[in-house]
Ligand code: GLU
């Protein structure tokens with residue numbers, strides 16, 4: 001048996017960590033078993049589905065580097081992979097159930113419309129018992145209707161979920177749910193079962209929110225006589241509401257880390273690295289055995305087992321995500337990072353220096369950067385003059401700051417042929433002679449050279465600016 005799994009997003013909104021990790025777990029499972037990873041677009045909600053969201057799904061996957069085997073844009077032998085192009089298939093499947101008397105028309109006003117579907121319905125549905133002559137008459141009158149499934153009341157749904165274990169539901173608890181809406185579109189339940197069955201999906205790995213839908217699906221599989229897949233419902237995680245996502249995207253600020261999870265497209269715009277996103281997604285509901293949280297997804301294929309997925313919900317931890325992102329930026333290939341950074345300089349209206357200095361500074365300044373858009377502002381003290389920030393000014397006004405700067409200047413002046421690596425020993429000497437250390441020692445030096453107490457290591461200043469410029473800045477600091 002070839003393992004075939006699918007990720008089935010509805011193009012009604014942005015992708016976020018909540019649904020991305022479903023794709024990641026499906027991907028890992030497919031690769032582990034030498035199987036096939038299918039992406040199907042579930043666009044039967046005519047009003048809410050948008051082509052632009054589908055395009056973004058495609059772009060996100062390309063950017064994230066998660067390889068898909070079959071999809072609307074990759075093709076494959078079980079297509080079409082867009083539900084809106086499969087209506088003839090649903091129609092044919094409806095006919096099968098009509099013939100078996102397993103569905104019935106429901107003429108109740110508004111039934112089968114997306115909103116009405118959510119309403120509590122009486123079970124069994126009254127239209128199930130409409131006399132044949134009424135059905136005929138209503139049809140003649142042209143009354144709109146939807147098709148409902150005549151749930152076999154005495155069936156017992158039983159399946160073993162890979163994460164949740166044995167699940168048992170009495171079919172009498174399942175309503176006579178809608179399968180084809182008034183507009184002729186299949187409902188989620190109907191489309192998903194027909195498609196998963198015809199696309200030969202062997203394992204359905206999806207969010208826990210769908211666990212309650214599985215009884216409906218199980219009954220439909222039975223009705224068609226199709227072989228059921230193995231289900232695997234992964235835990236929930238924090239996700240943003242659509243409106244919050246739109247709002248977050250409208251208020252993105254380059255170089256400012258978002259405080260809440262945002263859609264993938266938002267991270268892409270801010271310059272987070274795709275491998276950090278993929279890595280963090282996998283940590284939402286799963287953990288590597290060696291506890292090393294930074295990993296390449298493909299290195300975890302062998303180890304991945306859905307049985308290890310957590311049962312409890314997982315929370316998005318913004319500081320962990322940023323910590324991981326910082327690590328990726330710190331270890332990224334320097335040429336790649338430099339190229340990724342260029343558009344952010346343009347956006348920030350900061351002209352990067354010539355190539356050699358540019359590369360050197362990217363390397364020196366990338367520490368503790370979670371996103372590439374944090375880099376350009378860090379360049380400013382190195383390419384423009386010093387602009388004293390508020391914290392820099394305060395530091396220079398601290399008692400003792402001027403003494404530190406004075407002694408450094410003296411020692412630097414006294415040393416001929418001063419090299420970048422001499423800077424640290426000089427600072428150490430000054431600290432010892434004056435009996436100061438830590439921030440009382442380093443903060444005034446940095447504040448006068450780059451305008452703020454926080455920044456890269458000291459030796460970089462001498463390397464980049466040279467002795468005369470560093471001395472000039474230190475003296476200016478004494479004058480503050
Ligand atoms: N289109 C459904 C969703 O986005 C897919 C659910 C499933 O995987 O069955 O929630």
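Which residues, counting only those in the range 169-190, are farther than 11 Å from residue 148 by Cβ, within 16 Å of the ligand (Cβ to nearest atom) and part of a loop (DSSP other than H, G, I, E, B)?
Result: 185, single match.
Please verify whether the range 375-389 includes one or more residues that are modelled with pLDDT of 95 or more and not in a helix (DSSP H, G or I).
no
Is there any pair with a first residue in the range 209-224 that is more than 21 Å from residue 9 (Cα to Cα) and a second that is away from the ligand (no atom under 13 Å from the Cβ) and in a helix (DSSP H, G or I) whose Cβ atoms are under 8 Å apart and which are 6 or more apart or on different chains, and what are they?
219/171; 223/97; 224/93; 224/96; 224/97
Being part of a loop (DSSP other than H, G, I, E, B), out of contact with any helix residue (DSSP H, G or I) (no Cβ under 6 Å at 6 or more places or on another chain) and touching a residue at least 24 places away in the same chain (Cβ under 8 Å) is the filter here, so list the residues in the range 347-366 that pass it.
351
Report yes if some residue within the range 311-325 is touching a strand residue (DSSP E or B) at 6+ places or on another chain (Cβ under 6 Å) and part of a helix (DSSP H, G or I); otherwise report no.
no
Quick grid of which residues meet (1) under 18 Å from the mean Cα position of the chain (by Cα); (2) within 14 Å of the ligand (Cβ to nearest atom); (3) closer than 24 Å to residue 286 by Cβ; (4) not in a strand (DSSP E or B):
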position: 38; (1), (2), (3), (4): no, yes, yes, no
position: 47; (1), (2), (3), (4): no, no, no, yes
position: 57; (1), (2), (3), (4): yes, yes, yes, yes
position: 79; (1), (2), (3), (4): no, no, no, yes
position: 84; (1), (2), (3), (4): no, yes, no, yes
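Any idea how many residues of the range 290-310 are surrounded by fewer than 18 Cβ atoms within 10 Å (Cβ to Cβ) and in a loop (DSSP other than H, G, I, E, B)?
Going through the range 290-310 one residue at a time, the tally reaches 12.
Please specify each residue of the range 405-437 satisfying the condition of being modelled with pLDDT of 95 or more and at positive phi.
435
Would you tally the residues in the range 1-33 being over 18 Å from the mean Cα position of the chain (by Cα) and more than 14 Å from the ligand (Cβ to nearest atom)?
Total meeting the criteria: 7.
Go through (1) under 13 Å from residue 396 (Cβ atoms); (2) surrounded by fewer than 15 Cβ atoms within 10 Å (Cβ to Cβ) one by one and return the number of the condition residue 414 breaks.
(1)
Would you check if residue 338 is in contact with a helix residue (DSSP H, G or I) (Cβ under 8 Å, 6 or more places away or on another chain) and in contact (Cβ under 8 Å) with a residue 40 or more places away in the chain?
no
In this structure, is residue 68 assigned to a helix (DSSP H, G or I), closer than 17 Å to residue 195 by Cβ and either within 13 Å of the ligand (Cβ to nearest atom) or in contact with a strand residue (DSSP E or B) (Cβ under 9 Å, 6 or more places away or on another chain) (or both)?
In short, no.
Residue-wise test of (1) away from the ligand (no atom under 16 Å from the Cβ); (2) crowded, with 20+ Cβ neighbours inside 10 Å; (3) modelled with pLDDT under 95.
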site: 103; (1), (2), (3): yes, yes, no
site: 112; (1), (2), (3): yes, yes, yes
site: 118; (1), (2), (3): no, no, yes
site: 149; (1), (2), (3): yes, yes, no
site: 160; (1), (2), (3): yes, no, no
site: 194; (1), (2), (3): no, yes, no
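Scan the range 200-217 for residues that are outside any helix (DSSP H, G or I) and surrounded by 22 or more Cβ atoms within 10 Å (Cβ to Cβ) and jot them down.
201, 204, 205, 206
Test residue 428 against the criterion of being part of a helix (DSSP H, G or I), under 24 Å from residue 353 (Cα atoms) and out of contact with any strand residue (DSSP E or B) (no Cβ under 7 Å at 6 or more places or on another chain), and give yes or no.
no
The values are calculated or read from the model by the stated rules, or taken from the named source; none is laboratory data. Just so it is clear, the structure is predicted and the values come from calculations on it, not from any experiment. Note that each Cβ is placed from the backbone with ideal geometry, even for glycine, and that neighbours are counted across all protein chains shown.
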